[in-house]
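Inspection log for the structure reproduced underneath, given as structure tokens.
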Amino acid sequence: MGSGLAFTQDLTPALPGAAISLAADGLGPDLLPLEELADCVETALARDGKTILSYGPGAGYTPLRELIGGWFGVHPSRVVLTNGRLHGLALLARLLLPMRSVIAEYPIHDRAERVFLEAGASLIAVPVGDEGMVVEDLQNTLGQYVRPAMVYAIPNFHNPTGWTTGSAGRSRVVDLVIRQNLVQTEQILLVEDDSYGLTRFEGEPLPALFDLSGGRSAYSSSFSATIASGLRVGFFVLPEGLADELGELATSTYITPVLLAQATVFEFLNRGALEPQLARLREGLKTRRDAMLAALETHLPDATWSRPEGGFFVWVQLPGYPDGREVLKRADGVTACDGTRFGAVSSALRLSYAFAAPDEIEAGVERLAAAL
């Protein structure tokens with residue numbers, strides 16, 4: 001079925017002085033499957049328009065829940081679709097975290113931190129390093145602090161650092177939390193944010209915490225990082241009772257999710273469009289990552305940085321430990337995020353390579369270097 005819609009993409013190289021975004025969380029326009037999505041929208045409306053343009057179940061579009069449940073080998077009732085993964089995390093925090101504590105990796109995804117604090121939680125930091133979560137610190141924290149309601153982890157291509165927790169570290173994280181749950185009546189929910197897992201363009205995939213736990217943890221992800229940010233379709237795989245509670249809270253909060261977007265994602269997946277999109281996306285992200293690393297070698301050789309094998313972000317420690325906020329103020333026409341946004345030192349920067357074109361990335365890093 002043809003959509004009858006035409007799309008053009010402006011990939012003109014950045015002009016001198018033009019703003020270059022190394023701060024964006026989303027995908028560049030050339031990485032979006034525009035034509036395919038347009039056709040998916042038309043197909044979804046033709047097939048199921050009366051349903052998806054009306055109010056529906058708070059837990060989301062049933063065919064997509066069934067499909068995702070099949071991926072994870074769970075009943076669809078354990079799958080809850082939300083208006084973006086972050087919105088789902090906010091609902092989960094409202095259920096579990098008021099007047100409770102949550103263990104989270106630091107540096108921390110700034111929006112996740114805001115969600116936890118707005119829910120009334122106290123945050124307990126466990127550091128993340130170039131091998132991912134520092135599991136020894138998690139072990140010590142679980143033994144010393146008030147028992148948390150949640151442990152929140154991003155094992156694949158951590159936001160903001162790009163670091164990944166290895167297989168041994170993942171097994172230890174799961175073992176520590178599950179072992180605690182076996183001897184305590186008050187359970188800790190291990191929440192895995194795997195938004196970037198499918199973007200891996202180097203190395204071998206690592207097992208999900210959900211799989212290592214035998215399905216006793218919570219898994220969350222989003223199609224924003226793999227199909228299109230603006231679709232705002234996230235999903236959670238949760239224990240049965242908690243999934244019901246989250247769906248009920250979603251209904252009481254916004255009546256109905258955006259079923260049109262969820263039905264569009266279902267059509268995209270059901271017709272087999274995800275794998276070609278992932279192949280194109282991985283190639284594009286690797287090209288951009290390589291451009292960023294090469295630019296850092298050329299323009300900031302005395303800095304240190306992460307070397308992610310997927311995801312969107314490189315974590316840079318500026319040479320001489322200057323205040324990154326002041327560097328960004330001086331930088332001509334380039335945006336990035338300094339470390340204080342993520343609970344880290346100001347001399348660190350999170351640079352995103354997902355949005356800007358490769359030539360823009362090189363120019364943006366050059367402008368940052370000139371501002372030191």
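The values are calculated or read from the model by the stated rules, or taken from the named source; none is laboratory data. Since the model is a prediction, treat every value here as computed from it, not as a measurement. Cβ sites come from the backbone with ideal geometry, for glycine too, and all protein chains shown count toward neighbours. Side chains included, ligands, DNA and RNA excluded: accessible areas come from the protein's heavy atoms. Shrake-Rupley method; radii C 1.70, N 1.55, O 1.52, S 1.80 Å.
For this structure, a couple of remarks:
- Extended-chain gain in nm, criterion 0.36 nm per residue less alpha-carbon gap, TRP71 and ALA168: 32.5 nm
- Between THR298 and ASN270, the contour length at 0.36 nm per residue exceeds the alpha carbon distance by 5.7 nm.
- Cβ-Cβ FRET estimate between MET99 and ASP332, R0 fixed at 41 Å, reported to 0.05: 0.30
- Net charge contributed by nearby residues that have their C-beta within less than 11 Å of GLY203 (K/R +1, D/E -1): -1
- Using the Cβ-Cβ distance between ALA370 and ASP130 with R0 set to 41 Å, the FRET efficiency works out to roughly 0.90.
- The GNM of the chain, with springs linking C-alpha atoms under 10 angstrom apart, assigns the highest mean-square fluctuation among LEU182, LEU27, LEU123 to LEU182.
- 222 nm mean residue ellipticity, helices alone, for the chain (DSSP H n ≥ 4; -39,500 (n - 2.57); rounded to 500): -13000 deg cm²/dmol
- Between ARG114 and ARG179, the FRET efficiency from the beta-carbon distance, with R0 = 35 Å, is close to 0.70.
- Pairwise label distance in nanometres, LEU45 with ASN140, each label 7 Å out on the Cα-Cβ vector: 5.8
- Taking θ as phi - 60° and the Karplus parameters 6.51, -1.76 and 1.60, the scalar couplings of the range 243-252 work out to 4, 4, 5, 5, x, 5, 5, 4, 4, 6 Hz in sequence order, x denoting glycine and proline.
- A 1.4 Å probe run over the protein chains yields, for the range 16-173, 39 Å² of accessible area per residue, whole-number rounding.
- Take TRP305: with every protein chain present and a 1.4 Å probe, its accessible area is about 70 Å².
- Counting only DSSP beta bridges with both residues in the range 86-235, the antiparallel share comes to about 20 percent.
- Residue order by solvent-accessible surface for HIS87, HIS158 is HIS87, HIS158, largest first, with ligands and nucleic acids left out and a 1.4 Å probe.
- Area of LEU96 that stays accessible when all protein chains are in place (1.4 Å probe, Å², to 10): 50
- Simple label model, 7 Å out from Cα along Cβ direction - TYR55 to ARG280, nm: 3.8
- Each Lys or Arg adds one and each Asp or Glu subtracts one; over the other residues with Cβ under 12 Å from the Cβ of ASN159, this totals -2.
- Which of THR340, LEU22, LEU81, positive extreme of dipole for the chain (C-beta unit charges): LEU81
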